[in-house]
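Asks: I have a structure here, written as structure tokens, and I will follow up with some questions on it.
The values are calculated or read from the model by the stated rules, or taken from the named source; none is laboratory data. All figures in this text were calculated on a predicted structure; none of them were measured in a lab. No Cβ is skipped: glycine too gets one built from the backbone with ideal geometry, and neighbour counts run over all protein chains shown.
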Amino acid sequence: MSTIIEKPRISFWQIWNMSFGFLGIQFGFALQNGNASRILQKYGADVEHLSWFWLAAPITGMIVQPIIGHYSDRTWNRLGRRRPYFLTGAILSALALFLMPNSAAIASVGPVIIIGAGMLMIMDASFNVAMEPFRALVADNLPDSQRSTGFSVQTFLIGFGAVLGSWLPYIFANWFHLGATASNGQVEDNVKYSFYVGGTVLLLSVLWTVIRTKEYSPAEYAKFHPAENTEGHQSGIAEIIGDLRRMPATMKQLGLVQFFSWFALFSMWVFTTPAIASHVYGVPTGDVSSAKYNEAANWVGILFGVYNGVSAIYALMLPSIARATSRKKAHAFSLVMGGLGLLSIYLIKDPHWLILSMVGIGLAWGSILALPYAILSGSIPAKKMGVYMGIFNFFITFPQIVNGLFGGPIVKYFYHGQSVYAIVLAGFFMLCAAVSVMFVQDNRDISVKKALE
């Protein structure tokens, strides 16, 4: 009978280096979240059609992430197991960030709105190639006792990178006086240069992780997971489907939590700019060229930076909160605060008070990026970490696809173009997520309970 050897604990700075690339990925991701709707509206998209264009992102994620996870579980080369994938994703993401705000310049090959949407799809697919191997890398290299810390450090870097990405268009417009307005069909200079900086930061930060992080070799991995080496493997898609059928109960229960959470987040990312422009700033629906609209859009970038900044700080507190209560209770509290933050947007007329709304959303975002993965990682076999992290992405992409298909028509026909009501619905969904997390089976809670008996 093989003896299972516990992975050694590693230092805080080793965890930091392992996760540093996520700072750049989220820098780019924040630029996408804060400005994609704005860019697409400049290219001619109507507000009720925005969610359809955003469908490109979750659809590509649903396809790409399980495949990347499956093959990264089986990759061992000079760069390691996970690093080849997030390096490739970083290069492609950087290229997409450079190209998307310049879609009008290549409009000769097709309608600019289609090119812009295509760039959004390529960008998100590239983010997905880079993102999930980072999650699996933490689970690969850390013992279970350090995984909450590992995912929390990732969340801190995610939040910090997202603050920089969210605020950069506002900084370029107000501090460096780069052009903050542009005619229809063109993207403002402050947004363009923000995307250029984002692509550069993304690539450099991922290179830092590639250079500064060590992965276990196959022989070292076998010492920590001896029982897994005797099992055979199916090929490709057949094995992914088999793994999907055999997913642990904890993963299925977390799926419902993720559905509610990510339905709400998708609404926020797609509709916050038009909602705040019309509901708070009084900009007529469809007016996307006025100085007032661009002032609102730039302020949304600041607000998104606030919630990401809150999430970064909160992420460092989450391991202590989870130890004092439980991971489920900590996540439920965070989601309640996020739901209240989203609902409060409807009641606020002064844009500066929206910062309070973002504090609640930041608590939810920090927890969403850390605790579900910490709970999940304790319930799945180590040799399947990559593929199950990829399959887990189904529960992130599916609610976004549902929202993308029906969110726009709901805004048009039920809310009569008033996108702020999509934000209100998002708040209620976040509260539903808070309730559903209390029914999740967390294996660590079970282990602690047995130890106390």
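Asks: Read through the list (1) surrounded by 24 or more Cβ atoms within 10 Å (Cβ to Cβ); (2) among the polar types (S, T, N, Q); (3) part of a loop (DSSP other than H, G, I, E, B), then give the number of the only condition that residue 403 fails.
Replies: It is condition (3) that residue 403 fails.
Asks: In the stretch 284-301, what residues are surrounded by 21 or more Cβ atoms within 10 Å (Cβ to Cβ) and of a type in the set (A, V, I, L, M)?
Replies: Just the residues of the stretch 284-301 that are surrounded by 21 or more Cβ atoms within 10 Å (Cβ to Cβ), to begin with: 288, 293-294, 296-298, 300-301.
Result: 288, 296, 297, 300.
Asks: Considering (1) touching a helix residue (DSSP H, G or I) at 6+ places or on another chain (Cβ under 8 Å); (2) modelled with pLDDT of 85 or more, say which one residue 390 fails and leave the rest.
Replies: Among (1) touching a helix residue (DSSP H, G or I) at 6+ places or on another chain (Cβ under 8 Å); (2) modelled with pLDDT of 85 or more, the lone unmet condition for residue 390 is (2).
Asks: Counting only residues that are basic (Lys, Arg) and surrounded by fewer than 24 Cβ atoms within 10 Å (Cβ to Cβ), give me the helices (runs of 4 or more DSSP H) lying completely in the stretch 20-113 with at least 2 of them. Break it down stepwise before answering.
Replies: Details: elements: 21-42, 50-54, 56-72, 83-99.
Of the helices (runs of 4 or more DSSP H) lying wholly inside the stretch 20-113, none has at least 2 residues that are basic (Lys, Arg) and surrounded by fewer than 24 Cβ atoms within 10 Å (Cβ to Cβ).
Asks: Looking at the stretch 245-266, is at least one residue closer than 24 Å to residue 355 by Cβ, part of a helix (DSSP H, G or I), hydroxyl-bearing (Ser, Thr, Tyr) and modelled with pLDDT of 95 or more?
Replies: Checked against the condition, which is being closer than 24 Å to residue 355 by Cβ, part of a helix (DSSP H, G or I), hydroxyl-bearing (Ser, Thr, Tyr) and modelled with pLDDT of 95 or more, the stretch 245-266 yields at least one hit.
Asks: Going by the conditions given, is residue 354 farther than 25 Å from residue 255 by Cβ and either touching a Phe, Trp or Tyr at 6+ places or on another chain (Cβ under 9 Å) or of a type in the set (Phe, Trp, Tyr) (or both)? Write out each step before concluding.
Replies: Values: farther than 25 Å from residue 255 by Cβ: yes; either touching a Phe, Trp or Tyr at 6+ places or on another chain (Cβ under 9 Å) or of a type in the set (Phe, Trp, Tyr) (or both): yes.
Yes; evaluated as a whole, the condition is true for this residue.
Asks: Turning to a different aspect of this structure: Look through the stretch 12-48, keep the residues that are among the β-branched types (Val, Ile, Thr) and modelled with pLDDT under 85, and return whichever of them is nearest to residue 307 (Cα to Cα).
Replies: Step one: of the stretch 12-48, the residues among the β-branched types (Val, Ile, Thr) are 15, 25, 39, 47.
From what's left, modelled with pLDDT under 85: 39, 47.
Numbers: 39: 22, 47: 24 Å.
Going through the qualifying residues, I end up with 39.
Asks: Out of (1) more than 29 Å from residue 173 (Cβ to Cβ); (2) in contact (Cβ under 8 Å) with a residue 40 or more places away in the chain, the odd one out for residue 341 is which?
Replies: (1)
Asks: Which of the following residues is without any contact (Cβ under 8 Å) to a residue 40 or more places away in the chain, within 30 Å of residue 287 (Cα to Cα) and small (Gly, Ala, Ser): 179, 165?
Replies: Values: 165 fails: without any contact (Cβ under 8 Å) to a residue 40 or more places away in the chain.
Only one candidate qualifies: 179.
Asks: The conditions are (1) more than 16 Å from residue 37 (Cβ to Cβ); (2) in a helix (DSSP H, G or I), and residue 300 fails exactly one of them. Which is it?
Replies: Among (1) more than 16 Å from residue 37 (Cβ to Cβ); (2) in a helix (DSSP H, G or I), residue 300 violates only (1).
Asks: I need the full set of residues from the stretch 206-243 which are of a type in the set (S, T, N, Q), modelled with pLDDT under 70 and outside any helix (DSSP H, G or I), in order please. Reasoning before the result, please.
Replies: Residues of the stretch 206-243 of a type in the set (S, T, N, Q): 209, 213, 217, 229-230, 234-235.
With the extra rule that they be modelled with pLDDT under 70, the set shrinks to 229-230, 234-235.
Residues satisfying the conditions are 234, 235.
Asks: In the stretch 409-430, which residues are hydrophobic (A, V, I, L, M, F, W, C) and touching a residue at least 60 places away in the same chain (Cβ under 8 Å)? Reasoning before the result, please.
Replies: Here is the first cut: in the stretch 409-430, the ones hydrophobic (A, V, I, L, M, F, W, C) are 410-411, 414, 420, 422-426, 428-430.
Those that are hydrophobic (A, V, I, L, M, F, W, C) and touching a residue at least 60 places away in the same chain (Cβ under 8 Å): 411, 420, 422, 423, 424, 425, 426, 428, 429, 430.
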